[in-house]
Amino acid sequence: MISVVTADIVGSRDLADRAGAQRVIEDVLARVHTDLGVAERALEPTVGDEFQGQFPDLPAALQSILLVTLALPDGLALRFGVGVGPVYTIPARGSELPEGPGWWAARQAIDTLHAKQVRAMPAVRTWIAAAQDEDAAVHEQVRLANAYVWARDELVNAMGERARRVVYGRCMGLTQRELAAREQITQSAVSQLLTASGAAGLVEGFVQWRR
């Protein structure tokens, strides 16, 4: 069940240093691709403030999106529209253009997300949509996955940079002792940070998606 992602920068027109923000985001995307290595096509810039990538399944897409969200510094955020469905490419002069129901669903997802952020869910950064012709089981999985990412995004949005770094490290299998050394704080402080931020649920969710 191929999953494709279209992302855009939240508030890109209001950024004081748009070019600098682009460099930071691209560095984060490259880091996540290196650390996780699950993308069939890594998230890369396309046009304007948008990025696109392709993953073998929905769990792989959601793992990558979580790590990207955790790794971005304060003041920078991406919105992610995830499309589940078939994709193909159209030959073009000197390249191939991604196309197909999966991509149409990703565009629908990010449009839906824009509308929901304006209304009652400003902290939500991810929305998932299945291609119209996918069977009922796929649409049900997408519905349940959306419930998961809504809660996940709320937790991440409430975290500071240090908490996000620590959660990223735990997702990558680092111990509390290793994270304490990296952050130059005590292991007890790392434990308290993880407990206070609700990180245990995020890390467990990440582990479950990897199975």
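The values are calculated or read from the model by the stated rules, or taken from the named source; none is laboratory data. Computed from a predicted model, the values in this text were never measured in an experiment. Ideal geometry is used to build each Cβ from the backbone, glycine not excepted, and the neighbour counts take in all protein chains shown.
Of all the listed residues (Thr69, Thr34, Thr89), the sole one being closer than 23 Å to Arg165 by Cα, loosely packed, with under 14 Cβ neighbours inside 10 Å and either in contact with a Ser or Thr (Cβ under 9 Å, 6 or more places away or on another chain) or not assigned by TED's automatic domain parsing to the domain that holds Leu202 (or both) is Thr34. Residue by residue through region 35-82, note down the ones that are part of a strand (DSSP E or B) and within 25 Å of Gln132 (Cβ to Cβ). Result: Arg41, Leu43, Glu50, Phe51, Gln52, Gly53, Gln54, Phe55, Arg79, Phe80, Gly81, Val82. The requirement of being aromatic (Phe, Trp, Tyr) and in contact with a Gly (Cβ under 7 Å, 6 or more places away or on another chain) is satisfied by Trp127. Taking helices (runs of 4 or more DSSP H) as the structural unit, those lying wholly within region 117-211 and holding at least 2 residues that are surrounded by 15 or more Cβ atoms within 10 Å (Cβ to Cβ), over 15 Å from the mean Cα position of the chain (by Cα) and of a type outside the set (Ser, Thr, Tyr) correspond to 136-157, 161-171, 176-183, 187-197. Restricting to region 1-34, and then to whatever is assigned to a loop (DSSP other than H, G, I, E, B) and of a type outside the set (D, E, K, R), can you tell me which residue is farthest from Ala145 (Cα to Cα)? This residue is Ala16.
What do you reckon, is Val24 surrounded by fewer than 21 Cβ atoms within 10 Å (Cβ to Cβ), in contact (Cβ under 8 Å) with a residue 12 or more places away in the chain and farther than 30 Å from Asp135 by Cα? Before you say what the answer is, go through the steps one by one.
On the way: surrounded by fewer than 21 Cβ atoms within 10 Å (Cβ to Cβ): yes; in contact (Cβ under 8 Å) with a residue 12 or more places away in the chain: yes; farther than 30 Å from Asp135 by Cα: yes.
So Val24 passes the test.
Taking Asp111, is it of a type in the set (Asp, Glu) and either assigned to a loop (DSSP other than H, G, I, E, B) or assigned by TED's automatic domain parsing to the domain that holds Val166 (or both)? In short, no.
Tell me, yes or no, whether region 83-99 has at least one residue that is in a strand (DSSP E or B) and at pLDDT 95 or above. Checked against the condition, which is being in a strand (DSSP E or B) and at pLDDT 95 or above, region 83-99 yields at least one hit.
Conditions tested, residue by residue: (1) modelled with pLDDT under 90; (2) of a type in the set (Gly, Ala, Ser).
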residue: Gly102; (1), (2): no, yes
residue: Ala120; (1), (2): yes, yes
residue: Arg125; (1), (2): no, no
residue: Cys171; (1), (2): no, no
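A search for C-beta distances below 8 Å between a residue of region 115-135 that is more than 15 Å from Val82 (Cβ to Cβ) and any residue that is outside any loop (DSSP other than H, G, I, E, B) and aromatic (Phe, Trp, Tyr), counting only pairs 6+ apart in sequence or on different chains, returns Met121/Trp150. Against the conditions (1) small (Gly, Ala, Ser); (2) in contact (Cβ under 8 Å) with a residue 60 or more places away in the chain; (3) exposed (fewer than 15 other Cβ atoms within 10 Å of the Cβ), Ser95 satisfies every one except (2).
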